[in-house]
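Following: one structure in structure tokens, then a few remarks.
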Amino acid sequence: MNAPFANIFLSIQERIKNNAPAIKYIDQDLGQLKNARPPLSWPCVLIDFEDFSFEDLSENVQLTNGTIAFKLGFAPHSNSAAATPAPFTEMALKYYDIEWQIHQLLQGWRPLNTTGRLCRISTSSQKRNDSCRVREIRYSIAFEDYSTKRTLFYTPATLSVNEQIQIPTSS
């Protein structure tokens, strides 16, 4: 693959798959969690590239800055109200531990040698009508895109001396 976003996605997917065994499904965010019965396994991580901007540097090289959004989806569990017995409350809040583990895998990590490090910029919860829990963590990332860099060819100047150079002397 040549596209930076594809390679970043594959690198992130591999890192989560190899280091967070609790996650059962990792994919691009194509709106799966908007469905009443999403076609995925729980818990899941959905990844999307959002809000990217590009700044020209020189010779068609661009500085790329943007946000990678991670949606963590969790199947419904028991209640976490104060009257709920502790073991059930722990199960209801387990998603915070998984979110923390994902953050520890991603914060400060470079998906590719050619990118900057991921830096968490926000977290939020989706308010939903069903009992599924969806948390979103957003990370900033930057990299330089050299894919369209112009190749400049320089021809060295040639100097031809046909006459002897005279250096004036002081009189």
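What follows draws every value from the coordinates through simple rules; no lab data is involved. Everything numeric here is computed off the predicted structure, so don't read it as measured data. Glycine gets a Cβ as well: all are built from the backbone with ideal geometry, and neighbour counts include every protein chain shown.
Seen from N65, the other residues with C-beta closer than 10 Å to its C-beta sum to a net charge of -2, counting Lys and Arg as +1 and Asp and Glu as -1. Taking a Cβ cut-off of under 15 Å around D29, the surrounding Lys, Arg, Asp and Glu residues balance to a net charge of -1, with basic ones at +1 and acidic ones at -1. Excluding same-chain neighbours fewer than eight residues apart, the aspartates and glutamates reachable from K71 by a Cα-Cα span under 17 Å are E14, D27, D29, D48, E50, D51, D97, E99, D130, E136. Rounded to the nearest 10 degrees, the inclination of helix 94-106 to the longest alpha-carbon principal axis of the chain is 10 degrees.
Approximating the spin labels as points 7 Å out from Cα along Cα→Cβ, the S53-to-S147 distance works out to 2.1 nm. Can you tally the net charge around W109? Count Lys and Arg as +1, Asp and Glu as -1, for every other residue whose Cβ sits under 9 Å from the Cβ of W109. That works out to +3.
Seen against the Cα atoms of the chain and their longest principal axis, helix 4-19 is set at about 40 degrees.
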